Amino acid sequence: MYSKIIGTGSYLPEKVYTNHDLEKIVDTSDEWIRARTGITQRHIADESQVASDLALHASKNAMEAAGVGSKDIDLIIVATTTPDMVFPSTACILQQKLGVDNCPAFDVQAVCSGFVYALATADMFVTSGKCRNAIVVGAEIYSKIIDWNDRSTCVLFGDGAGAVVLSQSEQPGILSSHLHANGNYSNVLSVPGNIGGGKVQGTPYISMEGNTVFKFAVKVLEEVVHEAVAENDLQTTDIDWLIPHQANIRIIKSTAKKLGIPMDKVVVAVDKHGNTSAASIPLALDMAVRDGRIHSDQLVLLEGVGGGFTWGAVLLRW
Ligand code: ACO
């Protein structure tokens, strides 16, 4: 038994902040942001929206594309770093909003690798026969954990959600998943604050050593892609579409170059979305499926890296 993605969906909040909008908030410039990151704009959620609202739109979209209804769903996994609340999980809140009855529902916290972790987890449920149709979502509202006075981080992130329906299949879909983590780097990229004693303890905003993240990301993304293709007796040149985590165009280009994959085989959304963390891969995937770039039988590789550090890849036959 295999698992296969049978529908994709996404949602981006209506409000858009361009680089020029950010020039009015912090000491930055459109030129600096484009040159260092490739980002031109990002979507920002309304103050009333929570991650499950974004996840709901993306999930409905994916279910419609897959032709499945709420009665068909028997697993919900939400990858998020910006959950609606401490508990219950965003997945349980999404379950209620989708009107899905009695199925396992839980969140995965692996920051920007979250969607890859969630998809790998859902694959194990589906291929073991424990579930037939899983909703796997990446949903984030990073605008809530950005210090809007810190130009070194506030220009990088955006909000959004992407979702897939992963179902049992007799034809190969997911070929292999590869997950890694190294907690020795937990201080390099974090939101170190927490809730205790009725208030926020510590800093509730993103803290990041940008250069360390950059170098680590390029190194491990190259390694994990080689690991995925080697396990399947393939070469990087066999990959039809590379769908990387969308953090920075320079990380994406450096990784593709090291892998010998031309940029016309790489799906890029960071220019329009910014870094949407766990949502970035399913948002880019949905874009490339809907605009017709990804077709049946193509080899697609999803790869991501994020705080933890965590990193991973999923190789699949579309
Ligand atoms: N506008 C203008 N100037 C800025 C800005 C800004 N928004 N931010 C920083 N600068 C300044 C700095 O103060 C510094 O000035 P100085 O030379 O006078 O000290 C100068 O620009 C260069 O700063 P660096 O940090 O060295 O710039 P760098 O080329 O490393 O780019 C960046 C910074 C874009 C953050 C880069 O390191 C990066 O992309 N790192 C990866 C981080 C990342 O993607 N994080 C996302 C989360 S993790 C993930 O998703 C994988």
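Looking across region 61-83, just one residue is of a type in the set (Val, Ile, Thr) and either free of Cβ contacts under 8 Å to residues at least 24 places away in the same chain or surrounded by fewer than 19 Cβ atoms within 10 Å (Cβ to Cβ) (or both), and that is VAL68.
Selection of region 247-288 for residues being surrounded by fewer than 22 Cβ atoms within 10 Å (Cβ to Cβ), closer than 25 Å to ILE141 by Cβ, aliphatic (A, V, I, L, M) and away from the ligand (no atom under 12 Å from the Cβ) yields VAL268, MET287, ALA288.
Filtering region 151-199 to residues that are free of Cβ contacts under 8 Å to residues at least 12 places away in the same chain and under 20 Å from ALA51 (Cα atoms) leaves only ASN194.
Every residue in region 120-142 that is under 20 Å from GLY69 (Cα atoms) and of a type in the set (A, V, I, L, M, F, W, C), please. Hits for region 120-142 are ALA122, PHE125, VAL126, CYS131, ALA134, ILE135, VAL136, VAL137. Please work out if GLU303 is acidic (Asp, Glu), within 13 Å of the ligand (Cβ to nearest atom) and open to solvent by less than 50 Å² (accessible area, probe 1.4 Å). When the stated conditions are applied, GLU303 passes them. Across region 146-181, the qualifying residues are those that are part of a loop (DSSP other than H, G, I, E, B) and open to solvent by 10 Å² or more (accessible area, probe 1.4 Å), and the one among them that is nearest to the ligand (Cβ to nearest atom) is LEU156. For region 214-230, taking the residues that are open to solvent by 10 Å² or more (accessible area, probe 1.4 Å) and touching a Leu at 6+ places or on another chain (Cβ under 8 Å), the one that is nearest to GLN41 (Cα to Cα) is identified as GLU222.
The values are calculated or read from the model by the stated rules, or taken from the named source; none is laboratory data. Keep in mind the model is a prediction, meaning the values are calculated, not measured. FYI the Cβ positions are ideal-geometry reconstructions off the backbone, even for glycines, and counts take in every protein chain you see. Please note that ligands, DNA and RNA were not included when accessible areas were found on the heavy atoms of the full protein model with its side chains. Shrake-Rupley method; radii C 1.70, N 1.55, O 1.52, S 1.80 Å.
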